[in-house]
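Q: Let me give you the structure first, and then I'll get to my questions.
The values are calculated or read from the model by the stated rules, or taken from the named source; none is laboratory data. This is a predicted model, so every value here is computed, not measured. Here the Cβ positions follow ideal geometry from the backbone for every residue, glycine too, while neighbour counts run over all protein chains shown. For accessibility, only protein heavy atoms count, side chains too; no ligands or nucleic acids. Shrake-Rupley method; radii C 1.70, N 1.55, O 1.52, S 1.80 Å.
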Amino acid sequence: MLVVAIDIGGTFTDLMAFDDRTGRFSDSKALSTPNRLVDGIINCIRKSGLESGEIDELIHGSTTAINTLIEKKGAKTGLLVTQGMRDVYIIGRGNRPESYNLFFHKHRPLVPRHLTLEIKERLLASGEVLEPLDTASVETAANFLKDKGVEAVAVCFIHSYVNPDHERRTGEIVRRILPNAYVSLSHEILREYREFERMSTTVVNAYIGPVVGGYVHSLKNSLADIGFRGELTIMQSNGGVMTPEVATARPVAMMESGPVGGIIASARFGVALGYKNVISFDMGGTTAKASLIKDGETTMAPGYYVGGYASGQPVMLPLVDVVEVGAGGGSIAWIDEVGALKVGPHSAGADPGPICYRGGGTEPTITDANVLLGRLDPNQFLGGEMKLDAQGAADGIKTKVADALNLSTVAAAEAIVDIANAKMSLAVREVSVAKGYDPRDFALVASGGAGPVHVCAIARDLHVPTVIIPLFPSNFSALGMLVADERHDYTRTYYTDLTNVDFTHLVRVYEEMVEQAGAGLRRKSSAQYQVHLDLRYVGQEFTLSVPVTLEQLKAGDKQGIRTAFDRLYEHRYAHHSPEEPVEIINVRVAALGKKPQLEFPRLGPAGQAKPARTRKAYFAEAGRETECPVYERAELGAGAKFSGPALIQEHGTTTVMMEGDVCTVAQTGELIIRIRGE
């Protein structure tokens, strides 16, 4: 069986393939094509040398969903709400995260008030009908939206997470009157209380639905045109894969479709090498991402704010907990209005790209700085496929940065790299220190085209003792998609006091959720189900998600659940209150269709590691230009060992080792680097 994974990034599109009949891996990389993303996918397949007709499964990760939302290029959307709730979405939350920012603004609604219409109906929190659905008001609203040229409709009634009957009937009427409109019903997206967050998630799903649906349809047609007849699956934000049909119905589930692949792969590689606790660090062309993996399991978050907490759009669906900063290889260095050097978040992307790419870029970037410092070889970038303009990079940094700051060109390039490293170190701190974990207890797994270039400096800053450079680091997110299981997550509000919970009813709710979650699984024979309870102390606003077992639910193990909550609370906040009552808010179920594990070939034994050549490189700690040995990764056998400073070059990236760092090559080819002094 030939399985192919393709990840579209801001600068490059990456492909990884595995043929289980031969045990052979294939990879390729092509510049992304922002104006027509499908072209980048087809270019990757052609460069890989694979025959499209022989591909059995193609797994795809895309930024289409999140880009559509951030760039505000979604469909014209209408919103139907319960009478009296018209302004819930516009008002949002009353908090003001930036109290002293005179220019602060809350989220900008995707649906204007004149397209937000009230429907006569009302349910109680118990799900009982207080006021029956007035179908005439639905028809009137639907006809109004039709006259306004609305392309998508979101429906979110109060308490529909308990009883979705009114929403279902409303959906039927809307689809009849607007047969070409994309319809999103809140109970199909998020069966969870908190009216504003549920409404926002439903609106986002409707807003991006037509664009994502069109993209998926175009992708399927374009792949068919080049002879692909296999099965297409889409990567989700929760670290699992889904069918194109599910992706079209719930596009909001693929917001972080691309980056999570590398996190899944980091967990698998870490466990295989004996490191159950790792931090995934992925630095691509546009952003850098960090995520924490504890005991071999990715850390999940209940949702996040697209565009930032202060003024972003809430999307409350489970996703792999990832912190993202605007520091990628293409991030632009610039001088602000008070003369300070900044790096990012704006990126040169794939078009025009960094100055050294010769694509018309005029703004200096992190990649340009690394070329000037000798950390990237202008003649061997992407294995020599792409010749870089080192002089152009130097001239751009001198003109735009060095002269403005009265620095030498080399000092300006060092400053750009140092600022980028500081930003990325903060991202690693946010997923570790901010969550109660000491980064010194973890290994750092570096990936992305720029990750290995910067990771040793970041590890040194955070006192992380071990860095792992996996196989195919520049295609690592695509590799993670190859090993990702099928996954569907569902949440249902179940509000009750832990001491008085009816476990028989709770088990029944769990079984209903399992039936719903399992219905979409293709790999039913290998299905596994995980359950979490969202718990909090009575009187609190927010919860902690506590893993429990079905056996605990069936046995009514209140004490075991309470102990698990107290232990998690103690770890997160360094205290807990054993005498305070606890309540359940939500039940979460994840359905997993497990994939067979991939077997990576072992390397042959190593002789003495010998550098292929030397290259002049600048290191701040040395304070001068250093004649640095350059190793070709493909020539390193298992057990090879050498010390830094050193550069380890491969097709898609270069690993930069500092003075005193020691690298050992694992039996399966990973680079294990011990950081000096740690």
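Q: Among the strands (runs of 3 or more DSSP E) confined wholly to the stretch 237-335, which include 3 or more residues that are touching a helix residue (DSSP H, G or I) at 6+ places or on another chain (Cβ under 6 Å)?
A: 278-283, 288-294, 313-315, 331-335
Q: Give the residue, chosen from 125, 142, 181, that is in contact (Cβ under 8 Å) with a residue 12 or more places away in the chain and in contact with a His (Cβ under 8 Å, 6 or more places away or on another chain).
A: Matching residue, one of 125, 142, 181: 125.
Q: Just to be sure, is residue 251 under 29 Å from residue 522 (Cα atoms), open to solvent by less than 10 Å² (accessible area, probe 1.4 Å) and not assigned by TED's automatic domain parsing to the domain that holds residue 492?
A: For residue 251, the condition - under 29 Å from residue 522 (Cα atoms), open to solvent by less than 10 Å² (accessible area, probe 1.4 Å) and not assigned by TED's automatic domain parsing to the domain that holds residue 492 - is met.
Q: Taking only the stretch 528-547 into account, find how many residues are out of contact with any His (no Cβ under 8 Å at 6 or more places or on another chain), surrounded by fewer than 17 Cβ atoms within 10 Å (Cβ to Cβ) and either within 22 Å of residue 236 (Cβ to Cβ) or among the polar types (S, T, N, Q) (or both).
A: Residues that pass the stated criteria total 3.
Q: Take residue 588 and decide whether it is of a type in the set (Lys, Arg), more than 26 Å from residue 410 (Cα to Cα) and not in a loop (DSSP other than H, G, I, E, B).
A: Taking the combined requirement at face value, the residue satisfies it.
Q: Moving on. Hey, can you tell me all the residues within the stretch 12-29 that are of a type in the set (Asp, Glu) and under 10 Å from residue 479 (Cα atoms)?
A: 14, 27 - these are the residues of the stretch 12-29 that are of a type in the set (Asp, Glu) and under 10 Å from residue 479 (Cα atoms).
Q: As an exercise: evaluate residue 387 against (1) part of a helix (DSSP H, G or I); (2) under 27 Å from residue 469 (Cβ atoms) and give the number of the one condition it does not meet.
A: Failing condition for residue 387: (1).
Q: While we're on this one: Has the stretch 422-435 got at least one residue that is more than 21 Å from residue 627 (Cβ to Cβ), under 29 Å from the mean Cα position of the chain (by Cα) and outside any helix (DSSP H, G or I)?
A: Yes.
Q: With the checklist (1) of a type in the set (Val, Ile, Thr); (2) within 17 Å of the chain's Cα centre (by Cα); (3) part of a helix (DSSP H, G or I) in hand, flag the one item residue 445 doesn't pass.
A: (3)
Q: Could you list all residues from the stretch 50-71 that are at pLDDT below 85 and either acidic (Asp, Glu) or surrounded by fewer than 20 Cβ atoms within 10 Å (Cβ to Cβ) (or both)?
A: The answer is 67, 70, 71.
Q: Taking interchain pairs and intrachain pairs at least six residues apart, which have beta carbon atoms under 7 angstrom, with the first residue in the stretch 454-473 and under 27 Å from residue 6 (Cβ atoms) and the second open to solvent by less than 10 Å² (accessible area, probe 1.4 Å) and of a type in the set (D, E, K, R)?
A: 468/670; 469/670; 470/670; 471/670
Q: Quick one: in the stretch 349-376, which of the residues that are touching a residue at least 40 places away in the same chain (Cβ under 8 Å) and over 20 Å from residue 620 (Cβ atoms) is most open to solvent (accessible area, probe 1.4 Å)?
A: Among those that are touching a residue at least 40 places away in the same chain (Cβ under 8 Å) and over 20 Å from residue 620 (Cβ atoms), it is 351.
Q: Run residue 672 past the list (1) among the β-branched types (Val, Ile, Thr); (2) over 31 Å from the mean Cα position of the chain (by Cα); (3) at pLDDT 90 or above and report the number of the one that doesn't hold.
A: It fails just one condition, (2).
Q: Please specify each residue of the stretch 490-500 satisfying the condition of being out of contact with any Asp or Glu (no Cβ under 9 Å at 6 or more places or on another chain) and of a type outside the set (Ser, Thr, Tyr).
A: Residue satisfying the conditions is 500 alone.
Q: Take residue 432 and tell me if it is among the polar types (S, T, N, Q), free of Cβ contacts under 8 Å to residues at least 40 places away in the same chain and out of contact with any Gly (no Cβ under 7 Å at 6 or more places or on another chain).
A: Numbers: among the polar types (S, T, N, Q): yes; free of Cβ contacts under 8 Å to residues at least 40 places away in the same chain: no; out of contact with any Gly (no Cβ under 7 Å at 6 or more places or on another chain): yes.
Here the answer is no, as residue 432 does not meet what is asked.
Q: Let me ask you something else. For the stretch 121-128, does any single residue satisfy the condition of being surrounded by 22 or more Cβ atoms within 10 Å (Cβ to Cβ) and of a type outside the set (D, E, K, R)? Spell out how you get there, then give the answer.
A: Here is the first cut: in the stretch 121-128, the ones surrounded by 22 or more Cβ atoms within 10 Å (Cβ to Cβ) are 121, 123.
Still in the running and of a type outside the set (D, E, K, R): 123.
Yes, some residue in the stretch 121-128 is surrounded by 22 or more Cβ atoms within 10 Å (Cβ to Cβ) and of a type outside the set (D, E, K, R).
Q: Still on this structure, I have one more. Taking the conditions exactly as written (open to solvent by 20 Å² or more (accessible area, probe 1.4 Å) and aliphatic (A, V, I, L, M)), does residue 206 satisfy them or not?
A: no
Q: When residues of the stretch 378-393 are filtered for being open to solvent by less than 20 Å² (accessible area, probe 1.4 Å) and at negative phi, how many remain?
A: 3
Q: Shifting gears a bit: Only one of 550, 482, 506 is in contact with a strand residue (DSSP E or B) (Cβ under 7 Å, 6 or more places away or on another chain), open to solvent by 30 Å² or more (accessible area, probe 1.4 Å) and touching a residue at least 40 places away in the same chain (Cβ under 8 Å). Can you tell me which?
A: Only one candidate passes the filter, namely 550.
Q: Among the hydrophobic types (A, V, I, L, M, F, W, C), surrounded by 22 or more Cβ atoms within 10 Å (Cβ to Cβ), in contact with a Lys or Arg (Cβ under 9 Å, 6 or more places away or on another chain) and outside any helix (DSSP H, G or I), is that true of residue 467? It would help to see each step written out before you state the result.
A: Numbers: among the hydrophobic types (A, V, I, L, M, F, W, C): yes; surrounded by 22 or more Cβ atoms within 10 Å (Cβ to Cβ): yes; in contact with a Lys or Arg (Cβ under 9 Å, 6 or more places away or on another chain): yes; outside any helix (DSSP H, G or I): yes.
Criteria met by residue 467.
Q: Scan the stretch 152-187 residue by residue and report those that are assigned to a helix (DSSP H, G or I), under 33 Å from the mean Cα position of the chain (by Cα) and over 19 Å from residue 85 (Cβ atoms).
A: Across the stretch 152-187, the qualifying residue is only 175.
Residue-by-condition table, conditions (1) open to solvent by less than 60 Å² (accessible area, probe 1.4 Å); (2) more than 28 Å from residue 482 (Cα to Cα); (3) hydrophobic (A, V, I, L, M, F, W, C); (4) modelled with pLDDT of 90 or more:
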position: 580; (1), (2), (3), (4): no, yes, no, yes
position: 584; (1), (2), (3), (4): yes, yes, yes, yes
position: 588; (1), (2), (3), (4): yes, no, no, yes
position: 591; (1), (2), (3), (4): yes, no, yes, no
position: 604; (1), (2), (3), (4): yes, no, no, no
position: 608; (1), (2), (3), (4): no, yes, no, no
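Q: Which members of the stretch 245-299 meet the condition of being more than 21 Å from residue 439 (Cβ to Cβ) and acidic (Asp, Glu)?
A: Those that are more than 21 Å from residue 439 (Cβ to Cβ) and acidic (Asp, Glu): 245, 256.
Q: Let me ask another. Go through the stretch 111-122 and give me each residue that's assigned to a strand (DSSP E or B), among the aliphatic types (A, V, I, L, M) and in contact (Cβ under 8 Å) with a residue 40 or more places away in the chain.
A: The one that is assigned to a strand (DSSP E or B), among the aliphatic types (A, V, I, L, M) and in contact (Cβ under 8 Å) with a residue 40 or more places away in the chain: 119.
Q: Taking only the stretch 291-316 into account, find how many residues are touching a Leu at 6+ places or on another chain (Cβ under 9 Å), of a type in the set (A, V, I, L, M, F, W, C) and open to solvent by less than 20 Å² (accessible area, probe 1.4 Å).
A: Of the stretch 291-316, the ones touching a Leu at 6+ places or on another chain (Cβ under 9 Å) are 298-304, 306-307, 313, 315-316.
Okay, now just the ones that are also of a type in the set (A, V, I, L, M, F, W, C), so 300-301, 306, 315-316.
Those still in the list that are open to solvent by less than 20 Å² (accessible area, probe 1.4 Å) too: 301, 306, 315.
So the answer is 3.
Q: Has the stretch 510-520 got at least one residue that is hydroxyl-bearing (Ser, Thr, Tyr), modelled with pLDDT of 90 or more and surrounded by fewer than 20 Cβ atoms within 10 Å (Cβ to Cβ)?
A: Taking every residue of the stretch 510-520 in turn, none turns out to be hydroxyl-bearing (Ser, Thr, Tyr), modelled with pLDDT of 90 or more and surrounded by fewer than 20 Cβ atoms within 10 Å (Cβ to Cβ).
Q: Sort through 404, 393 and tell me the only one that's of a type in the set (Gly, Ala, Ser) and touching an Asp or Glu at 6+ places or on another chain (Cβ under 7 Å). First the steps, then the outcome.
A: Numbers: 404 fails: touching an Asp or Glu at 6+ places or on another chain (Cβ under 7 Å).
From the options 404, 393, the qualifying one is 393.
Q: Residue by residue through the stretch 356-368, note down the ones that are assigned to a helix (DSSP H, G or I) and touching a strand residue (DSSP E or B) at 6+ places or on another chain (Cβ under 7 Å).
A: Matches in the stretch 356-368: 366 only.
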